[in-house]
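So the structure is just underneath, and the comments pick up after that.
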Amino acid sequence: MNGKMRRCAFVAWSTIAGAACAADPPMTFQAIGSLSEVTAQVSVIATPTGRIVIGEGWRADVFVAATNTWLPPIAYHGDHWTAGAALLSDGRVLIAGTASTTSGAVNAEVVDPMAGISTPTGAMGVPRYGNYVASMPDGRVFVWAGTQPGTSAPPVATSEFYNSATNAFASAGSALPARWNASFTRLADGRYLVAGGSDVNGNALLAAQIYNPATNTALNTGAMPDYLIQHAALLLQDGRVLIVGGSRYIGGSWVLSNRAYVYSPANGHFTLIASMTNERNQPTAALLPNGKVLVAGGTAGLYQTPVAAAELFNPATNTFSTGPSMVAPRYGASAVALPDGRVLIAGGSTGPFQGNEAIPTVEMFGVDRIFEAEFE
């Protein structure tokens, strides 16, 4: 030994073996705090300032990634249980959706994580909850599907755009048919893949569509290999879309799935690839800096027990390997990849046969700062 202490550089995920230290340290899950409001269905948005906005029912929690600290919760002006959220071009976050049936209820507002306030904005044309909300390449926000509060009606058939310059929503019509339990994934060219789910009459769908926000049109693409709901999907670095877990419709019933598929925009085809180790209904998926994908959570087995161990997907081989275990196994959670390479996971529940209790613990996957010492 040379008698010196060697301090390794900050890394989130080393893409070259030995680039940071003699060997990459193991990646783990660590608890980083608890939600101020225990809510199962949350939204998680990473902003350009490094502040992570976690949307709950009546407030938003804010986590500062650079210092690993929490700021005071930001109170909403209305109830936004199961609302959608999207990043605006100025770094604020739109919260859209409400379960409230109160006349004049606030169904959309904008959270400013730097100022620590939330401000009501223009109302959606159709009140909805459980809806999809996504940022568009042109700065608008697309709001799609969801159900009208206080009803057991099918998904809302229309969609709308939010314009932050005017603080107003405008109807986008019904160019994209509504679906329940589908995935809505942005492609590299700014269009969106809509896959899986069921239609407004509850019929499972094999047909997938490509939605173009520039023209507000949707065209059919290749059909999925299976009827699928409650899965996770994300865009890979090579432009393909990975779809994992969920439930498949087989022989007249839904069964939990360990299957995985990739969609290629180049040819419009879905391909069934190697299966995951575990079934995972309602998992999370997050892209890591090295191009691999962290798949975590979801339920498995006859009693739909939350899966403890995560898995890593390697796009070079289209295969999965077992990863570390979560601090709090959960399903129906939300995850977001941070700029430093870590992944924050919040929300979710214990499982329908385990009391289905909301999980307050927020956890982080990855390595923060790594130090290695060498002594004589």
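Points to keep in mind about this one:
- Residue, farthest from Arg342 (Cα to Cα), within the range 264-305, restricted to residues that are of a type in the set (Ser, Thr, Tyr) and under 18 Å from the mean Cα position of the chain (by Cα): Thr299
- With respect to the conditions (1) buried (at least 23 other Cβ atoms within 10 Å of the Cβ); (2) over 23 Å from Val241 (Cα atoms), Pro149 falls short on a single one, namely (1).
- Residue among Ser171, Ser118 that is more than 28 Å from Ile74 (Cβ to Cβ), modelled with pLDDT of 95 or more, over 19 Å from the mean Cα position of the chain (by Cα) and of a type in the set (Gly, Ala, Ser): Ser171
- Checking Gly33 against (1) crowded, with 19+ Cβ neighbours inside 10 Å; (2) at pLDDT 95 or above, the condition it does not meet: (1)
Okay, residues lined up against (1) buried (at least 16 other Cβ atoms within 10 Å of the Cβ); (2) in contact (Cβ under 8 Å) with a residue 60 or more places away in the chain:
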| residue | (1), (2) |
| --- | --- |
| Phe142 | yes, yes |
| Phe161 | yes, no |
| Ser171 | no, no |
| Ala178 | yes, no |
| Ala182 | yes, no |
| Ala188 | no, yes |
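- Scanning the range 190-209 for residues that are aliphatic (A, V, I, L, M) and buried (at least 18 other Cβ atoms within 10 Å of the Cβ), we see that the one that is farthest from Leu235 (Cα to Cα) is Ala204.
- Identification of strands (runs of 3 or more DSSP E) wholly contained in the range 20-104 with 1 or more residues that are in contact with a Gly (Cβ under 7 Å, 6 or more places away or on another chain) and of a type outside the set (S, T, N, Q) yields 59-64, 69-75, 84-87, 93-96.
- Checking each residue in the range 115-133 for being aliphatic (A, V, I, L, M), touching a strand residue (DSSP E or B) at 6+ places or on another chain (Cβ under 7 Å) and closer than 21 Å to Pro48 by Cβ picks out Ile117, Val133.
- Residue, farthest from Glu279 (Cα to Cα), within the range 251-266, restricted to residues that are crowded, with 20+ Cβ neighbours inside 10 Å and touching a residue at least 60 places away in the same chain (Cβ under 8 Å): Tyr263
- Here Ala214 fulfils each of the conditions (1) more than 22 Å from the chain's Cα centre (by Cα); (2) small (Gly, Ala, Ser); (3) part of a strand (DSSP E or B) apart from (3).
- Sole exception among (1) under 19 Å from the mean Cα position of the chain (by Cα); (2) assigned to a loop (DSSP other than H, G, I, E, B); (3) on the phi < 0 side of the Ramachandran plot for Gly351, by number: (3)
- Filter result for Val327 (touching a Phe, Trp or Tyr at 6+ places or on another chain (Cβ under 7 Å), crowded, with 19+ Cβ neighbours inside 10 Å and within 28 Å of Ile210 (Cβ to Cβ)): no
- Residue pairs meeting the criteria (Cβ under 6 Å; at least 6 apart or on separate chains; first farther than 14 Å from Ser321 by Cα, in the range 275-299; second of a type in the set (Phe, Trp, Tyr)): Gln282/Tyr331; Leu288/Trp13; Pro289/Trp13; Asn290/Trp13; Gly297/Tyr331; Gly298/Tyr331; Thr299/Tyr331
- Lone qualifier among Asp79, Asp90, Asp112 - being among the acidic types (Asp, Glu), out of contact with any Pro (no Cβ under 7 Å at 6 or more places or on another chain) and in contact (Cβ under 8 Å) with a residue 40 or more places away in the chain: Asp90
- Yes/no for Ile345 being in contact (Cβ under 8 Å) with a residue 60 or more places away in the chain, buried (at least 20 other Cβ atoms within 10 Å of the Cβ), β-branched (Val, Ile, Thr) and closer than 24 Å to Leu87 by Cα: yes
The values are calculated or read from the model by the stated rules, or taken from the named source; none is laboratory data. Quick caveat, the model's predicted, so the values are computed rather than measured. Positions of Cβ are generated from backbone atoms using ideal geometry, with glycine treated the same way; all protein chains shown enter the neighbour counts.
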